[in-house]
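The structure under discussion appears below in the form of structure tokens.
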Amino acid sequence: MSGCKAKHPAAAPAYLSGLEPPATGQRVEMEGVTYKIAAPRGIDPGTIFFVQVDTEKCMGCGECESHCPTGAIQEMHPDGQRGIVDPVACVNCGQCLANCPYGAIHEEVSYVGEILEKLRDPDTVVVSMPAPAVRYGLGECFGMPTGTYVGGKMHTALRRLGFGLIWDNEWTADVTIMEEGTELLERVKHGNKPLPQFTSCCPGWVKFAETFYPDLNEHLSTCKSPIAMLGPLAKTYGAEQSGIAGKKMYTVSIMPCVAKKFEGLRPEMNASGHRDIDATINTRELAWLIKQAGIDFVNLPEEEPDPALGMSTGAATIFGTSGGVMEAALRLAYEVLSGDTLANPDIKVVRTHEGINTADIPVPNFGTVKVAVVSGLQNAAKLCDEVRAGKSSYHFIEVMTCPGGCVNGGGQPLEPGMLQSSLFRSTIAKINRRYTQRRVG
Amino acid sequence: MKNIATMSRRGFIKLAGFTCGYAVLGFNMTREAVASTLEFIGIRQQSVYDADRKVYAIRKSQENPMIKKLYAKDGFLHEGPCGHESHHLLHTHYSDRSAGLKALKAKGVKLAL
């Protein structure tokens, strides 16, 4: 378990040697979603459209609009087709994309081309950094039942794809609990910063808070999200542990999310002395890479990630669902505040499906910890208004943009029912449209 | 529509039947669609909690040996969580992005919030 001398391959990995990376600007369909191959660098992410509507495919049904928390996607064309009015108003959650019945919304940023090039470059060590929720969605792309846990197979697949260091973002979820838990305890004990403390793991929520509630910035935990912690730790501590220089590393953040592409491009993410996160992809893009490499995913053996920056706990994996960060933080806070051991780590009262869930947690030798868990930004806005009005009595509030949390993220495999109905409905809609056009014309 | 008083009995029953049929069918289809989405998210969430209990040997972050090693006296973050090096690498600050939003609203764009 001490350190990890990486056994990264000297030559190009066999699986990918015959594979031509798609060219910049090319459009590639991955798991039912169209991606534009583009790897932005050094650009203000606030000016980029991460998702956009294909007006040719849009039928103007307005389903996307009903799932958009900010109203950034709206009717922009005479035939009722939708579009995103301005990147300023969009939090990049991708819920519009995941809920479009016509598959009319695509992603404008995809690093897969660049990643394939880096995997073939003998001077670069590609580092894997998958989020907790990815391992509960990836299997669906290979015909496995909804929600199947494929953590071990995912690590094996990443190794076979030619990733030199299999590190895991779950490890920094554990680091986040240590940092964010300590920060909360400082706020409670010393009052150096205002309460309630909001979580800062979800990049859609952070952009939402910065845009719509900038006066509450002091309430946001100063902790970076787990992935924004793993980037700099990989290139400093990880370099020390593995003996591979930080500048040789190419870090790939693998997320159930579209908004993480925005976060990876934030200019301040360079604490390691390099870009902390070199590329960000989501679950669908990882599935595409595995399929391109011809790996038989379902029959893969299960492997462990490389230690030091890979080993994780149950507290880390529950980051993937709404209420998970709260439960993981409480598993720490309870022990620190009470001085006792928490016999049963299940804190079921904070587990939640959707909407707002509040709970009072009795902690011996301290009193009551008041918490709120919320998913869906329209719901979060209600709690923000309370905080703004000075009427919030909570200590800690967890916010996730996507209803249900990261497992339902905008970068996860689409619901199979949605994919099928999308094909059926778009065909019907096309016939209808042609018929109306002919009649009018 | 024809006046209901002049409508034949048969016609009325037919109309009522269709109306009820569509109402029940429509309601059920909507309910099923909503339920299937909720169920879908619920299954993934349940899988997360199952893994927490069954797959992971350790269930608290503070008990992860690699976390203990990171924060140990001779470790990389030896000052402990929220120490000096932690602040440099692991903490951040936030910006005020509301100016762009104000400009957008000034142009007359309506948003949900």
Please report, in debye to the nearest 20, how large the charge dipole of segment A:61-181 is about its Cα centre when each Lys and Arg carries +1 at its beta carbon and each Asp and Glu carries -1 there.
580
Residues of A:248-255, mean number of Cβ from any other protein chain within 10 Å of their own Cβ, rounded to a whole number?
0
Just add up the charged neighbours of A:MET30: K/R +1, D/E -1, any other residue whose Cβ is under 10 Å from the Cβ of A:MET30.
-2
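Convex hull over the Cα atoms of segment A:7-135, averaged projected area in nm²?
Result: a mean projected hull area of 9.9 nm².
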Consider all pairwise Cα distances in segment A:87-134 and report the whole-number % of them above 14 Å.
70
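A:ARG27 to A:SER66: extension gain in nm, 0.36 nm per residue of separation minus the Cα-Cα distance? If you can, show how the numbers build up before the last one.
On the way: separation 39, 0.36 × 39 = 14.04 nm, distance 2.72 nm.
Value of the extension gain: 11.3 nm.
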For segment A:339-410 and segment A:172-245, write down the distance between their C-alpha centroids in whole Å.
17
Could you name the aspartates and glutamates whose alpha carbon sits less than 18 Å from that of A:LYS207, not counting residues in the same chain fewer than 8 places away?
A:ASP44, A:ASP86, A:ASP215, A:GLU218, A:GLU263, A:GLU268, A:ASP385, A:GLU398, B:ASP96
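What number, in nm² with one decimal, is the all-direction average of the projected area of the convex hull of the alpha-carbon atoms of the protein assembly as shown? Spell out each step's value before the answer.
Working: hull surface 121.8 nm².
Mean projected area for the protein assembly as shown: 30.5 nm², to one decimal.
Mind checking the alpha-carbon convex hull of segment A:219-265 and giving the volume per residue in Å³? Can you show the working numbers first?
Values: hull volume 4.4 nm³, N = 47.
So the per-residue hull volume is 94 Å³.
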Sparse-neighbour loop sites [trypsin sites (Lys or Arg not before Pro); segment A:9-116; at most 14 other C-beta within 10 Å; DSSP]
A:ARG41
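Please state the charge dipole magnitude for segment A:187-241, taken about the Cα centre, from unit charges on C-beta atoms (+1 on K and R, -1 on D and E), reported in debye and rounded to the nearest 20.
Working: 6 positive and 4 negative charges, 28 e Å.
Taking the Cα centre of segment A:187-241 as origin, the dipole is about 140 debye.
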Once you put a point 7 Å from the Cα of A:LEU19 and another 7 Å from the Cα of B:ALA106, both along the Cβ direction, what distance in nm separates them?
4.8
Once the Cβ-Cβ distance between A:ASN192 and A:ASP79 is put in as r, and R0 is 60 Å, what FRET efficiency do you end up with, to the nearest 0.05?
0.60
Scan around A:GLU303 for amide H atoms under 5 Å from its own, H built in the peptide plane at 1.01 Å from N, and keep only partners 5 or more places away or cross-chain.
A:LYS153, A:HIS155, A:THR156
Restricting to DSSP loop positions (anything but H, G, I, E, B) with no more than 13 other Cβ atoms inside 10 Å of their own Cβ, which trypsin sites (Lys or Arg not before Pro) remain in segment A:310-408?
A:LYS391
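Pulled fully out, how much extra length does the chain show between A:GLN378 and A:ALA245, if you take 0.36 nm times their separation in residues and subtract their Cα-Cα distance? Can you show the working numbers first?
Details: separation 133, 0.36 × 133 = 47.88 nm, distance 4.41 nm.
Using 0.36 nm per residue and subtracting the Cα-Cα distance, I get 43.5 nm.
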Output wanted: per-residue J couplings in Hz (rounded whole) for segment A:104-120, from phi through Karplus 6.51 cos²θ - 1.76 cosθ + 1.60, θ = phi - 60°, x for Gly and Pro.
8, 10, 10, 9, 9, 10, 9, 8, 4, x, 5, 5, 4, 5, 5, 5, 8
Long-range amide H partners of B:ARG59 with built H, under 5 Å
A:GLY314
Could you give each residue of segment A:35-46 its phi-based ³J(HN,Hα) in whole Hz, using Karplus coefficients 6.51, -1.76, 1.60 with θ = phi - 60°, and x for Gly or Pro?
10, 9, 6, 7, 10, x, 8, x, 10, 5, x, x
5 Å is the cut-off here: which amide hydrogens, built 1.01 Å from N in the peptide plane, fall below it relative to A:GLY355, excluding neighbours closer than 5 in sequence?
A:SER375, A:GLY404
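Restricting to the protein assembly as shown, what percent of DSSP beta bridges are antiparallel, rounded to 5? All intermediate terms of the calculation are to be shown ahead of the outcome.
Working: 21 of 42 bridges.
Here the share of antiparallel DSSP bridges comes out near 50 percent.
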If each DSSP helix of 4+ residues adds -39,500 (n - 2.57) and the sum is divided by the residues in chain A, what number results at 222 nm, nearest 500 deg cm²/dmol?
-10000 deg cm²/dmol
Each label sits 7 Å from Cα toward the beta-carbon; between A:GLU302 and A:ALA39 the label points are separated, in nm, by 3.3
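Hey, with R₀ at 60 Å, roughly what FRET efficiency would B:LYS14 and A:ASP54 work out to, going by the Cβ-Cβ distance, to 0.05?
Details: r = 43 Å, r/R0 = 0.72.
Once rounded, the FRET efficiency stands at 0.90.
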Could you give me the ³J(HN,Hα) list for segment A:50-56, computed from phi with Karplus coefficients 6.51, -1.76, 1.60 and θ = phi - 60°, whole Hz, x at Gly and Pro?
8, 10, 8, 8, 8, 5, 5
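Values quoted throughout were computed directly from the atomic coordinates according to the rules given, and no laboratory measurement underlies them. Just so it is clear, the structure is predicted and the values come from calculations on it, not from any experiment. Virtual Cβ from ideal backbone geometry, glycine too; neighbours counted across all protein chains shown.
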